[in-house]
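Student: Below is one structure. I have some questions about it.
Coordinate-derived values only; no laboratory data. Predicted model only: the values in this text are computed from it and were never measured. Ideal geometry is used to build each Cβ from the backbone, glycine not excepted, and the neighbour counts take in all protein chains shown.
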Amino acid sequence: ITITNSGSETLANFPAYINLTYDSDMQANFSDIRFYSQSCNNGGSLLDYEIENYTTSDRAHIWTRIPSLPSTGTTISVYYKNNTAITNGENPTGVWDSNYKAVWHMTETNASDSTSNGNNGTVNMTGVSTNASGKIDGADSFNGSGFIDVRPIDFNYPISYECWIRLNS
């Protein structure tokens, strides 16, 4: 998988989104996949990843941490086809470094934090439609009544937010 970087600087610990289509050689729940910084036969190191969501025998929405993403881009490898039972190799908290105070994917109704900080939000689902159509997966549609309370986060330091939002009007 080739990961591009349109910037001019090398990015460190970059969480890259991967939309992985199911292959009949994979486990139906994607538990046998592993990501490596290069071919594992050429000294590649195992990469942390998080399966945000998957549809059995269809596709998985995955975030994997790229330790160093130079401006020229990089290539990572995905391995699968383990025909024996294998445990899931995910490490969500390894994907999101200490600069991330919380990460919510909106694939659930409880706003679980994927970082190691445990900053879970509380969702007021009044007027919220879950599993709405979204750019990646797991979007929620808010009608103005519902909200996510993120008070566990300490806002007493410089902070930036990133949200992917589509307004109806």
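Student: Sort 48-55, 123-130, 94-101, 3-10 by packing, meaning the average of other beta carbons within 10 Å per residue, with the highest value first. Could you put the intermediate results ahead of the total?
Tutor: Working: 48-55: 19.4, 123-130: 14.4, 94-101: 16.6, 3-10: 11.0.
Ranked from most to least packed, the peptides come out as 48-55, 94-101, 123-130, 3-10.
Student: Taking 0.36 nm per residue of separation and subtracting the Cα-Cα distance, what length does fully extending residue 23 through residue 153 add? Mind dumping the intermediate values first?
Tutor: Details: separation 130, 0.36 × 130 = 46.80 nm, distance 3.97 nm.
This chain segment gains 42.8 nm when fully extended.
Student: Roughly what would the spin-label model give for residue 2 and residue 166, points 7 Å off Cα along C-beta, in nm?
Tutor: 2.8
Student: Over all directions, average the projected area of the Cα convex hull of the chain and note it in nm². Don't jump to the answer; show the numbers that get you there.
Tutor: Values: hull surface 47.7 nm².
For the Cα atoms of the chain, the hull's average projected area reads 11.9 nm².
Student: Indicate, rounded to the nearest 5 percent, the antiparallel portion of the DSSP beta bridges found entirely in the chain. Spell out each step's value before the answer.
Tutor: Working: 29 of 29 bridges.
For the chain, the DSSP antiparallel bridge percentage is about 100.
Student: Next up: What is the distance, in nm, between label points placed 7 Å from the Cα along the Cα-to-Cβ direction at residue 110 and at residue 135?
Tutor: It is 2.8 nm.
Student: Something else about it: Per the helix-only calculation at 222 nm, which mean residue ellipticity applies to the chain, given -39500 (n - 2.57) for every DSSP H run of n ≥ 4 and division by its residues, nearest 500 deg cm²/dmol?
Tutor: On the way: 1 runs with 4 residues, N = 169.
So the calculated ellipticity at 222 nm is -500 deg cm²/dmol.
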